[in-house]
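Scroll down for the structure; my scribbles are underneath it.
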């Protein structure tokens with residue numbers, strides 16, 4: 001069996017390419033994200049619980065930036081047998097190919113779409129999930145996406161937005177960055193791996209403060225907004241239309 005351990009940045013590199021969700025990353029992605037994102041399993045599991053509460057018959061549930069489908073499958077397991085369509089969207093064919101290979105058997109249809117999330121139509125949505133996806137879009141393009149999501153949602157629908165976050169307070173920013181690095185080191189990453197991956201993600205992953213996210217969600221039209229989960233510099237928000 002192929003090695004699925006994330007060793008991508010384990011050896012020194014003279015030049016570090018920009019991070020991309022290519023075949024190399026897709027092959028080790030479950031290991032990478034579990035060891036890199038504190039609370040990831042909880043966020044994914046509770047995404048399914050939230051979908052169970054808010055999904056309505058005949059509606060669509062979107063997983064935007066679905067990667068290998070962890071949140072897609074969490075929703076599907078809770079909605080199995082319900083009259084809902086799950087739409088999983090990602091612009092990485094390497095990710096979607098693996099998603100389809102491990103697609104469980106559910107009664108509800110799962111439509112896997114290879115596309116830029118900014119280019120797809122969103123309609124009749126009772127649940128929309130953006131788990132660690134918005135942070136990879138240029139900040140200037142985030143307002144338009146959230147406005148489109150809001151327009152395509154049913155009244156009473158829910159958006160789950162999970163992101164790496166910044167802190168306006170420089171002391172808190174330093175503390176949470178150090179705690180995140182300690183978390184990664186406790187999961188076996190070396191200082192070299194942490195440093196090289198940080199360089200690869202520079203200007204690719206652009207985090208914002210929770211205040212910035214809440215302001216953008218209100219601008220889009222959401223009125224009920226809450227941070228339901230946070231661990232160090234990672235947080236998940238819910239916004240209800």
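Scanning the stretch 197-223 for residues that are assigned to a helix (DSSP H, G or I) and within 16 Å of the chain's Cα centre (by Cα), we see that the one that is farthest from residue 165 (Cα to Cα) is 201.
Is it true that some residue in the stretch 58-65 is surrounded by fewer than 17 Cβ atoms within 10 Å (Cβ to Cβ) and either part of a helix (DSSP H, G or I) or on the phi < 0 side of the Ramachandran plot (or both)?
No, there is no match, as no residue in the stretch 58-65 is surrounded by fewer than 17 Cβ atoms within 10 Å (Cβ to Cβ) and either part of a helix (DSSP H, G or I) or on the phi < 0 side of the Ramachandran plot (or both).
For first residues located in the stretch 104-121 and surrounded by fewer than 13 Cβ atoms within 10 Å (Cβ to Cβ), partners that are modelled with pLDDT under 90 and lie 6+ apart or on another chain with Cβ distances below 8 Å form the pairs 107/80; 107/81.
With respect to being modelled with pLDDT of 95 or more, crowded, with 23+ Cβ neighbours inside 10 Å and in contact with a helix residue (DSSP H, G or I) (Cβ under 6 Å, 6 or more places away or on another chain), residue 74 fits the description. Residue count for the stretch 198-229 satisfying the condition of being more than 17 Å from residue 150 (Cα to Cα), touching a helix residue (DSSP H, G or I) at 6+ places or on another chain (Cβ under 8 Å) and in contact (Cβ under 8 Å) with a residue 40 or more places away in the chain: 7. Screening 152, 156 for residues that are in contact (Cβ under 8 Å) with a residue 40 or more places away in the chain, surrounded by fewer than 19 Cβ atoms within 10 Å (Cβ to Cβ) and touching a strand residue (DSSP E or B) at 6+ places or on another chain (Cβ under 8 Å) leaves exactly one candidate, 156. If the condition is being within 23 Å of residue 156 (Cα to Cα) and not in a loop (DSSP other than H, G, I, E, B), then the stretch 119-139 contributes 125, 126, 127, 128, 129, 130, 131, 134.
The values are calculated or read from the model by the stated rules, or taken from the named source; none is laboratory data. Treat the numbers as computed from the prediction; the structure is a model and nothing was measured. Cβ sites come from the backbone with ideal geometry, for glycine too, and all protein chains shown count toward neighbours.
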